[in-house]
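Each remark here refers to the structure printed beneath this line.
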Amino acid sequence: MRRGDLYRVRHPSGDPKKSRVFAVVSRAALIRTNFSTLVCAPVLTHGEGLTTQVTVGAEEGLKHPSWITCDGLTSIEKSRLTDFVAALSPAKIRELNQALRSALDLS
């Protein structure tokens, strides 16, 4: 499991969908620990073109054009991240980093 990996989560908490893809955004040091949860960003099938969103699609193993939405960060138990979809490319991880900076208002 690495930062930038996409996982399909079945029956995510508070989500009306049966499953949703999430991008792991936690730092590598946390991923390697025994800590039980990771910070993830949901992948939605609609986007607004915001600086807090990253476009993804078939190149990342998804069926539809979608957006990683960094304004919706959530904690997910590692044990629920079992259905691997794809790993983001280094270029997409750079876009994700910028979207996270924007979402968290970091310079």
Q: Select from region 46-75 the residues that are in contact with an Asp or Glu (Cβ under 9 Å, 6 or more places away or on another chain), closer than 18 Å to Arg3 by Cα and hydrophobic (A, V, I, L, M, F, W, C) and write down the one among them that is surrounded by the fewest Cβ atoms within 10 Å (Cβ to Cβ).
A: Trp67
Q.
Considering only region 22-39, I want to know if a residue exists there that is over 17 Å from Ser102 (Cβ atoms), of a type in the set (A, V, I, L, M), in contact (Cβ under 8 Å) with a residue 12 or more places away in the chain and out of contact with any strand residue (DSSP E or B) (no Cβ under 6 Å at 6 or more places or on another chain).
A. yes
Q | Residue that is in contact with a helix residue (DSSP H, G or I) (Cβ under 7 Å, 6 or more places away or on another chain), modelled with pLDDT of 95 or more and of a type in the set (Val, Ile, Thr), where the choices are Val21, Val39, Val25, Val43 | A | Val25
Q: Please list, ordered by first then second residue, the pairs with beta carbon atoms under 7 Å, 6 or more apart or interchain, first in region 60-74 and on the phi > 0 side of the Ramachandran plot, second part of a loop (DSSP other than H, G, I, E, B) and of a type in the set (A, V, I, L, M, F, W, C).
A: none
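The values are calculated or read from the model by the stated rules, or taken from the named source; none is laboratory data. These numbers come from a predicted model, not from an experiment. Every residue, glycine among them, receives a Cβ derived from its backbone with ideal geometry; neighbour counts consider all protein chains shown.
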